[in-house]
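Values quoted throughout were computed directly from the atomic coordinates according to the rules given, and no laboratory measurement underlies them. Being a predicted model, the structure only gives us computed values, none of them experimental. Here the Cβ positions follow ideal geometry from the backbone for every residue, glycine too, while neighbour counts run over all protein chains shown.
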Amino acid sequence: MNGHGACEPEPTAHHGHCDWTDERPNAPAARLPDLPDGTHLALAPYEWYPRVGVRGQAELHLWLVDAQPLNTELAWVRGHGLECSWDSSDCDLPWCREILVTIRALHRAAGGA
Ligand SMILES: [Zn+2]
């Protein structure tokens, strides 16, 4: 709270004075935190989506390879499952999983808030 919390959505105002929503079609994509290759992402079910509009159903662990912002809340993340690091795994792909992850979760993985 910054003492300026009296900003309510107004149904009749299409262009309010408040920037409480950021759903313009051309909203700039968020900046992602700097995550090195191999960052371990431990994601709760509400922090990832197998594809747009479909929520994850279970906790997911992923080794991050690459991340690209989709919008201000979600990013496409490519990586490997934990089992890919096992000796018995023969996964030699650059990446084998692609999911949507909340940018908030990426910041947490980066050691931020
Ligand atoms: Zn893999």
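Listed values, structure above:
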| quantity | calculated |
| --- | --- |
| Net +/- balance of residues flanking E83 in space, Cβ distance below 14 Å, scoring K and R +1, D and E -1 | -2 |
| Normalised per residue, the volume of the convex hull around the Cα set of the stretch 40-109 (Å³) | 80 |
| Segment A110-H61, extension gain: residue separation times 0.36 nm, minus the distance between their alpha carbons | 16.2 nm |
| Ranked list, fewest to most other Cβ atoms within 10 Å of each Cβ, for R104, R51 | R51, R104 |
| Full-stretch length increase - L82, W95 - with 0.36 nm per residue and alpha-carbon distance subtracted | 3.5 nm |
